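Okay, so here's the structure we're looking at.
The values are calculated or read from the model by the stated rules, or taken from the named source; none is laboratory data. Since this is a predicted model, take the numbers as computed values, not measurements. Cβ atoms come from the backbone with ideal geometry, glycine included; neighbour counts cover every protein chain shown.
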There are 2 protein chains.
Amino acid sequence: MKTTVSAEKIVSILNEVISPDKDFIALHEPSFQGNEWVYVKECLDTGWVSSVGKYVDKFEEMLKEFTGTKRAVAVVNGTAALHICLKLVGVERDDEVMIPALSFIATANAVAYCGAIPHFVDSSEETLGLDPVKLDEYLQEIAVVRDHACYNKQTGRRIKAVVPMHTFGHSVDLDKLVDICQRYHLELVEDAAESLGSYYKGRHTGNWGRVSALSFNGNKITTTGGGGAIITNDEALGQLAKHLTTTAKKPHAWEFVHDQVGYNYRMPNINAALGCAQLEQLPAFLARKRALAHVYQERFSDVEGVSFITEPNFCTSNYWLNAIRLKPEWSHLRDDILKLTNDHGLMTRPVWRLLSNLPMYEQAPRMDLTVALNLESSIVNIPSSSNLGAAYVES
Amino acid sequence: MKTTVSAEKIVSILNEVISPDKDFIALHEPSFQGNEWVYVKECLDTGWVSSVGKYVDKFEEMLKEFTGTKRAVAVVNGTAALHICLKLVGVERDDEVMIPALSFIATANAVAYCGAIPHFVDSSEETLGLDPVKLDEYLQEIAVVRDHACYNKQTGRRIKAVVPMHTFGHSVDLDKLVDICQRYHLELVEDAAESLGSYYKGRHTGNWGRVSALSFNGNKITTTGGGGAIITNDEALGQLAKHLTTTAKKPHAWEFVHDQVGYNYRMPNINAALGCAQLEQLPAFLARKRALAHVYQERFSDVEGVSFITEPNFCTSNYWLNAIRLKPEWSHLRDDILKLTNDHGLMTRPVWRLLSNLPMYEQAPRMDLTVALNLESSIVNIPSSSNLGAAYVES
């Protein structure tokens, strides 16, 4: 028989699934059980911790191989990666860029760094990410294509790109977005910060956009301390990504000549060393995280008023961050759940405040955001570290 | 009796001073002889490699203490630090910022990131950095003060700040610059990326500007792999620096609310751990570097046509990067010297190309740059790692 949702019930399920062995269970913590110390120690022993050393190259090779892309460029973090992605596809001052209202702040800030304007798109109930059907209808209404470029009829500004973000690791419906981008002459840039190890129809997320951004922040499925990467199948853009993220310095044995305004965004070797050790363990992390999600899904299936968020049918998700969603009549419980779980040392948190409601983006254009608003008030993230799933992996 | 300068003579002096024990002597390599392993391993063992962990706080405390400033904020690199410094003093789009033409690219790029325009200033023969006397004369000619702000009469744009850079660790004449900034209502921001451990009249460089930038790149006197810091005596600006470099997120147990366009510039904990171990050794590094510089100075004093660059009399320099300067009649030897030394595994390099001649800054305003041009053609940096000075430190 189904019980109904309550803060106590959530605490009880989390305790049951996690079996906490310490006072505080983080939302997501890294696991360093592989070659981390060996590789990092090698950096210290050789003195190669910074711009010189083999681990950045190795890390980029491993990323290419894992994501199936032709070029990967390691940078200081996911925000920097997305900033450069937008530069690479030609986003310029006063352009508009279509992004989800429901995302981490970096998605909007990267647009702002280009002097461009975020234009907010509603989310899909199924993926939590940008809704391609609603985007298409909206563009039919507000956009016009002229000379192979897309313009906003209302603001007169060029719309240059669409940046879907794969929320919690669950991919958006990329086929539909690829089609929209072709019809409207928009560049597709994936914010794949959360979706390393997630696949859309068998192909890795981030391998669909012209360029895409990954993140290796401390809370991600694999970490470099702080880090990110740009991935692409366009060799020329990949080379330009490397150039732009390393101060646009022209190669020379000793001369310092820079040919454009570049960025100091390269990942230090010591962080890349950590990343190499982490990527070696990624398949194991994925197995644990999917096992944990499966157990959560089962346990929550018995509770009325709440559902565990699962991968869309076209996606094999990394289940980076597990989440439950309260049904509308129970969403008033959200803050009680957040408080009681955190009071019990079980870290949970709501999803981000809609970017479109933050003071610096209040004036930015947006479509109707009904679904995103509903998601904002009803989602709770629950502990998701890969080590919590270790017990559930079939050996 | 004095011998005259030649590429062979330079190679011979370098070999004599350095007594190379390997095939290649870098221009500057880090030394990890302290607690680097201990601190970095602790990060891995506890899992605190990223945004959480004690080393960022500890590193910032150590920086405050060492520089005598009230607040230090650790960031991903010196470029990011300078970018935020300019934001903090209110540099806005279409402002002009007075910077030396002879500097690393970051000095100009940080201005460009703000949408502002670098305005190039000539160098002093004595300090290699921004010449305050020439700047004062130039401002008398082109600037006007109106409503407590300084304007360029020729372009109509506001001149907001002056950014001296302490070249190779040798400080500019800060008293004169402080005076100019007061008279012209300009903000003083020190680019102290190269001068950690350098003092102007007994007070640490970076402790004179309203805010200042430090760097911990792999080639600096102390390194965090990649890193930088903002230092200031203005508590409110220090707090804002922390806020702006951590995505401008308002403090809350679980909500994600950001109150302005911020940056993802915080230094990861694992890099700060490295930094703490390095700062503990900074006094020893300084002693070795000054000892090495002293030996170079003696050896080069016997050679006609070249001089070893020494600290100005008002500065106690960290001698971060040692340099020799060819007299005008010998500057045609520069490239021969660069080639022969590098061919012999003794890394040397010229100073940076003048920023004012790079394609993206060719249109930027500038004063007469005669001294900077002369320096550009006559300076050669020579190996400067602290370990090269170990043998010369009196025990």
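Among the conditions (1) more than 14 Å from chain B (Cβ to nearest Cβ); (2) in contact (Cβ under 8 Å) with a residue 40 or more places away in the chain, the only one that residue A:181 does not satisfy is (2). What are the residues in region B:25-41 that are over 22 Å from the mean Cα position of the chain (by Cα) and closer than 12 Å to residue B:274 by Cβ, if any? B:34, B:35, B:36, B:37, B:38, B:39, B:40, B:41, listed by residue number. Residue A:137 passes every criterion in (1) outside any helix (DSSP H, G or I); (2) farther than 24 Å from residue A:307 by Cα apart from (1). Might you check whether a residue that is touching a helix residue (DSSP H, G or I) at 6+ places or on another chain (Cβ under 7 Å) and of a type in the set (Phe, Trp, Tyr) occurs anywhere in region A:13-26? Checked against the condition, which is being touching a helix residue (DSSP H, G or I) at 6+ places or on another chain (Cβ under 7 Å) and of a type in the set (Phe, Trp, Tyr), region A:13-26 yields no hits at all.
Can you tell me which residue within region B:112-134, out of those that are more than 20 Å from residue A:260 (Cβ to Cβ) and in a strand (DSSP E or B), is nearest to the chain's Cα centre (by Cα)? Only one residue fits best here, namely B:130. Condition first: more than 16 Å from the chain's Cα centre (by Cα), among the polar types (S, T, N, Q) and either facing chain B (nearest Cβ under 10 Å) or at positive phi (or both). Can you find one or more residues in region A:11-18 that meet it? There is no residue in region A:11-18 that is more than 16 Å from the chain's Cα centre (by Cα), among the polar types (S, T, N, Q) and either facing chain B (nearest Cβ under 10 Å) or at positive phi (or both). Screening the candidates B:78, B:68 for the property of being within 19 Å of the chain's Cα centre (by Cα) and surrounded by fewer than 16 Cβ atoms within 10 Å (Cβ to Cβ) yields one hit, B:68.
You will find that of A:305, A:275, A:262, A:238, the residue that is touching a Lys or Arg at 6+ places or on another chain (Cβ under 6 Å), assigned by TED's automatic domain parsing to the domain that holds residue A:131 and of a type outside the set (Asp, Glu) is A:238 and no other. Among residues of region B:338-360 being at the interface with chain A (Cβ under 7 Å from one of its Cβ atoms) and assigned to a helix (DSSP H, G or I), the one that is nearest to residue B:25 (Cα to Cα) is B:342. Of the residues making up region A:316-334, those that are free of Cβ contacts under 8 Å to residues at least 60 places away in the same chain and surrounded by 15 or more Cβ atoms within 10 Å (Cβ to Cβ) are A:325, A:331, A:334. Those residues that are more than 23 Å from residue B:244 (Cα to Cα) and among the aromatic types (Phe, Trp, Tyr), I need them from region B:81-126; list them, please. Scanning region B:81-126 gives B:104, B:120. Residue-level check: of (1) free of Cβ contacts under 8 Å to residues at least 24 places away in the same chain; (2) closer than 26 Å to residue B:9 by Cα, residue B:362 misses just (2).
With the condition kept exactly as written, say whether any residue in region A:320-335 is within 14 Å of another protein chain (Cβ to nearest Cβ) and assigned to a loop (DSSP other than H, G, I, E, B). Checked region A:320-335: at least one residue is within 14 Å of another protein chain (Cβ to nearest Cβ) and assigned to a loop (DSSP other than H, G, I, E, B).
Number of residues in region B:13-28 that are among the polar types (S, T, N, Q) and farther than 18 Å from residue B:337 by Cα: the value is 1. Within the set A:196, A:177, A:188, the sole residue that is under 19 Å from residue A:107 (Cα atoms) and either among the small types (Gly, Ala, Ser) or out of contact with any helix residue (DSSP H, G or I) (no Cβ under 6 Å at 6 or more places or on another chain) (or both) turns out to be A:196.
Is it true that residue B:240 is within 12 Å of chain A (Cβ to nearest Cβ), closer than 30 Å to residue A:381 by Cβ and in contact with a helix residue (DSSP H, G or I) (Cβ under 8 Å, 6 or more places away or on another chain)? Against the criterion (within 12 Å of chain A (Cβ to nearest Cβ), closer than 30 Å to residue A:381 by Cβ and in contact with a helix residue (DSSP H, G or I) (Cβ under 8 Å, 6 or more places away or on another chain)), residue B:240 does not qualify. Taken over region A:191-220, the criterion of being within 13 Å of chain B (Cβ to nearest Cβ), in a loop (DSSP other than H, G, I, E, B) and either more than 12 Å from residue A:320 (Cα to Cα) or among the hydrophobic types (A, V, I, L, M, F, W, C) (or both) is satisfied by A:193, A:216, A:217, A:218.
If the condition is being within 14 Å of chain B (Cβ to nearest Cβ) and surrounded by 18 or more Cβ atoms within 10 Å (Cβ to Cβ), then region A:42-65 contributes A:43, A:44, A:47, A:48, A:49, A:50, A:53, A:55, A:56, A:59.
Could you please let me know if residue B:230 is away from chain A (no Cβ under 12 Å) and of a type in the set (Val, Ile, Thr)? So residue B:230 fits the description; yes. The set of residues from region A:140-177 being over 21 Å from the mean Cα position of the chain (by Cα), of a type in the set (D, E, K, R) and not in a strand (DSSP E or B) comprises A:141, A:147, A:153, A:157. Listed by first and then second residue, the pairs linking a residue in region A:145-166 that is among the basic types (Lys, Arg) to a residue that is modelled with pLDDT under 95, with Cβ atoms under 7 Å apart and 6 or more places separating them unless they lie on different chains, form an empty list.
Restricting attention to region A:104-124, the residues being in contact with a helix residue (DSSP H, G or I) (Cβ under 6 Å, 6 or more places away or on another chain) and not aliphatic (A, V, I, L, M) number 6.
Do you know which residues across region A:254-302 are part of a helix (DSSP H, G or I), of a type in the set (Val, Ile, Thr) and facing another protein chain (nearest Cβ under 9 Å)? The answer is A:270, and nothing else.
I'm checking my understanding of the structure. Among residues of region B:247-271 that are touching a strand residue (DSSP E or B) at 6+ places or on another chain (Cβ under 6 Å) and of a type outside the set (S, T, N, Q), which one is surrounded by the most Cβ atoms within 10 Å (Cβ to Cβ)?
Looking at the filtered set, the residue picked out is B:267.
Filtering region A:361-381 to residues that are part of a loop (DSSP other than H, G, I, E, B) and within 12 Å of chain B (Cβ to nearest Cβ) leaves A:362, A:364.
Taken over region B:178-190, the criterion of being under 15 Å from residue B:206 (Cα atoms) and not in a helix (DSSP H, G or I) is satisfied by B:187, B:188, B:189, B:190. Scanning region B:29-41 for residues that are more than 7 Å from chain A (Cβ to nearest Cβ) and surrounded by fewer than 22 Cβ atoms within 10 Å (Cβ to Cβ), which turns out nearest to residue B:336 (Cα to Cα)? If we take residues in region B:29-41 being more than 7 Å from chain A (Cβ to nearest Cβ) and surrounded by fewer than 22 Cβ atoms within 10 Å (Cβ to Cβ), then B:31 is nearest to residue B:336 (Cα to Cα). Among the candidates B:248, B:253, B:272, B:236, the residue that is of a type outside the set (Val, Ile, Thr) and within 30 Å of residue A:48 (Cβ to Cβ) is uniquely B:272.
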